[in-house]
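Enquirer: My questions will all concern the structure given below.
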Amino acid sequence: MSVVEAPAGRPTLENETEAEADVPHVRIAIVGTGFAGLGLAIRLKEQGIEDFVLIERADDVGGTWQANTYPGCQCDVPSHLYSFSFAPNPGWTRTYSRQPEIWQYLRDVAAEHDLRPHIRFGHELTEAAWDDERGRWSVETSRGDWTAQLLVDATGPLSHPSVPRIRGMGSFKGTMFHSAEWNHDHDLAGERVAVIGTGASAIQLVPQIAGRVGRMHVFQRTAPWILPHSDRPTTRVERLLYRKLPLVQKVVRSTVYWTRESYALGFIKHPKFMTGAEKIAALHLRRQVSDPGLRARLKPKFRLGCKRVLLSNTWYPALTRPNVELVTEAIAAIRGNTIHLADGTQREVDTIIFGTGFHVTDPPSAQIVRGRDGRTFAECMHSGIQAYLGATVEGLPNYFKLIGPNTGLGHNSMVYMIESHLNYVMDALRVMDEQGIAEFEVRPDAMAAYNAQIQSKLPGTVFMSGCASWYLDAEGRNVTLWPDFTFRFRHRTRRFDTRAYTLRRAADVRAPAPAPVA
Ligand SMILES: Cc1cc2nc3c(=O)[nH]c(=O)nc-3n(C[C@H](O)[C@H](O)[C@H](O)COP(=O)(O)OP(=O)(O)OC[C@H]3O[C@@H](n4cnc5c(N)ncnc54)[C@H](O)[C@@H]3O)c2cc1C
């Protein structure tokens with residue numbers, strides 16, 4: 001740790017311009033109201049900290065679970081674990097909840113903790129710039145600006161839909177939308193529909209709409225591994241038990257956590273342990289698809305776990321329906337309503353649905369968050385997007401990214417990782433208060449050493465066993481996943497480790513008086 005006095009002579013309230021004084025100041029500006037943003041807001045309120053604003057581009061809370069309304073959208077980690085540890089829900093009606101129920105859960109949590117007065121809906125962050133003279137962030141949104149001592153970027157790893165550029169797609173005459181921006185006004189009944197992609201969203205939505213559409217063409221680039229799904233409705237007795245005896249639900253949560261954590265042995269430590277799961281998946285395919293030709297095209301050609309493992313009992317049966325075609329030929333171009341394939345054949349369609357994932361390794365917020373010297377988050381990077389503990393970034397003082405680079409998981413709940421980050425942020429606030437720290441910035445050597453360690457662990461994992469996946473950036477670096485047990489991440493983030501930071505004392509910095517956000 002190195003502690004320096006903040007530069008004297010910084011402008012103070014007295015020499016602020018009138019326009020600057022009109023901009024409300026908060027201690028903490030949080031961008032995003034998914035699990036991460038809401039979770040942090042709750043932790044702040046628990047500590048009696050009310051001087052924060054939650055900036056949200058959408059018109060409601062929920063993040064992932066507000067945006068993804070496609071038919072069949074569901075979590076793939078059991079709900080007792082895929083929820084906040086501090087807000088258990090004894091009433092889950094399924095073991096793996098569907099989107100409406102998870103969304104409602106997050107809305108209830110926001111209401112119970114009275115978060116709405118802090119939230120500014122319909123406000124899209126357009127730029128956040130660190131003002132080095134004043135030692136604070138200038139936060140610009142589509143509908144109003146703030147200044148803030150701390151900026152917390154909780155914009156989510158899977159919140160910006162990615163649509164491939166296909167030659168001629170601008171000439172398409174029908175309807176096109178991404179699975180995360182489902183067009184509920186559009187009736188698919190009887191239509192000729194193309195679904196592009198066979199990832200987590202596509203395998204959920206295709207079985208839901210296959211019976212409704214006239215004809216469906218599912219475009220697959222790589223066949224995913226599919227395991228049988230153990231989802232089921234919960235019983236009334238279970239729900240009553242969890243309500244009356246919360247400890248039982250805690251035990252279930254803990255059992256789910258440790259069972260999932262044991263999968264890390266295969267994902268992270270010994271990829272050959274995946275052989276057992278591969279056999280189960282192969283049997284699942286054999287049982288559900290009798291046509292040997294179709295089965296061959298659905299057989300994955302990489303180690304299970306290299307791409308996200310998917311769960312479904314309905315995906316393969318949907319592909320065997322007479323009105324559904326699996327297309328493995330590459331798309332060459334779109335002209336009018338015709339999709340042209342590389343083998344010269346064509347498919348006429350009315351609607352194209354993109355199940356093509358998200359901008360994960362090139363998050364848009366990295367282009368609009370500007371740190372010291374005016375460089376963006378992306379420009380502060382030397383090789384691929386990275387952060388210290390997935391949270392703090394060299395060149396960006398007083399900035400946290402929640403579940404940033406290399407915090408993603410292939411085997412366990414992201415809410416666990418989010419709660420680990422919340423501990424880290426809360427401890428940073430404690431340290432700042434106790435030691436009179438006005439600014440922190442991760443040291444370049446600490447960030448470089450941390451990322452070198454992460455990258456050195458990745459080659460032995462199943463994620464790097466040879467497949468193209470959204471975990472990898474354009475250079476083939478895995479900037480997405482945490483390559484270890486999640487309890488090790490929890491341990492590393494339990495304290496704000498000041499030795500990794502340059503800290504500036506508050507001595508000469510006078511923060512403007514906070515304006516109420518409610
Ligand atoms: C369909 C789907 C299913 C998933 N299932 C699981 C699962 O089963 N288990 C699991 O562990 N993980 C799952 N995930 C991953 C999931 O994203 C995380 O678990 C978690 O929901 C992330 O929460 P978050 O708050 O970090 O981000 P998000 O929930 O994505 O929230 C980010 C918020 O930031 C807002 N935002 C973004 N940019 C801006 C801007 N410029 N200005 C203002 N607001 C902005 C967005 O509108 C959004 O509300 C799933 C993801 C998807 C897409």
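The values are calculated or read from the model by the stated rules, or taken from the named source; none is laboratory data. Just so it is clear, the model here is predicted, and its values are computed rather than measured. We place every Cβ from the backbone using ideal geometry, glycine too, and count neighbours over all the protein chains shown. Only protein heavy atoms, including side chains, enter the accessible area calculation; ligands, DNA and RNA are left aside. Shrake-Rupley method; radii C 1.70, N 1.55, O 1.52, S 1.80 Å.
Enquirer: So, for the stretch 306-411, what is the accessible surface per residue at a probe of 1.4 Å, expressed in square angstrom?
Expert: 32
Enquirer: Roughly speaking, what is the stretch gain from Lys269 to Phe121, that is 0.36 nm per residue apart minus the C-alpha to C-alpha distance, in nm to one decimal?
Expert: So the extension gain works out to 49.0 nm.
Enquirer: For the stretch 328-418, what percent of Cα pairs sit more than 14 Å apart?
Expert: So the portion of pairs separated by more than 14 Å is 73 percent.
Enquirer: Under a crude label model (7 Å from the Cα following the beta-carbon direction), how far is Thr222 from Phe487 in nanometres?
Expert: Output for this residue pair reads 3.1 nm.
Enquirer: Looking at the chain, what % of its DSSP beta bridges pair antiparallel, to the nearest 5?
Expert: 40
Enquirer: Could you list, bin by bin from short to long, the percent of Cα-Cα pairs of the stretch 183-222 in 10 Å steps?
Expert: Bins of 10 Å from zero give 29, 58, 12, 0 percent of pairs.
Enquirer: What are the ³J(HN,Hα) values, in whole Hz, obtained from phi via the Karplus relation 6.51 cos²θ - 1.76 cosθ + 1.60 with θ = phi - 60°, for each residue of the stretch 382-387 in sequence order, with x given for Gly and Pro?
Expert: 9, 8, x, 6, 8, 7
Enquirer: Compute the distance from the alpha-carbon center of the stretch 42-101 to that of the stretch 203-229, in whole Å.
Expert: Each part reduced to its Cα centre gives a spacing of 26 Å.
Enquirer: Can you give me the long-range amide H partners of Gly408? Hydrogens built in the peptide plane at 1.01 Å from N, cutoff under 5 Å, separation of 5 or more residues or another chain.
Expert: Leu481, Trp482
Enquirer: Every cysteine in the chain with no other Cys Cβ under 4.7 Å from its Cβ, please list them in numeric order.
Expert: Taking the Cβ cut-off of 4.7 Å, the unpaired cysteines of the chain are Cys73, Cys75, Cys380.
Enquirer: Now for a different question. With all protein chains present, calculate the accessible area of Lys244 using a 1.4 Å probe and round the result to the nearest 10 Å².
Expert: Roll a 1.4 Å probe over it and Lys244 shows about 150 Å².
Enquirer: Taking the C-alpha atoms of the stretch 36-177, how large are the radius of gyration and the largest Cα-Cα span, Dmax, in Å?
Expert: Final numbers for Rg and Dmax: 18.1, 55 Å.
Enquirer: Scan around Ile334 for amide H atoms under 5 Å from its own, H built in the peptide plane at 1.01 Å from N, and keep only partners 5 or more places away or cross-chain.
Expert: Here the answer is Arg167, Gly168, Met169, His340, since their amide H atoms fall under 5 Å of that of Ile334.
Enquirer: A follow-up question, please. Can you tell me which of 203-216, 453-466 comes out highest on packing, and rank the rest after it, using the mean Cβ neighbours within 10 Å?
Expert: The most tightly packed comes first, giving 203-216, 453-466.
Enquirer: Grab the alpha carbons of the chain, take their convex hull, and tell me the volume per residue in Å³.
Expert: Convex hull of Cα atoms, per residue: 156 Å³.
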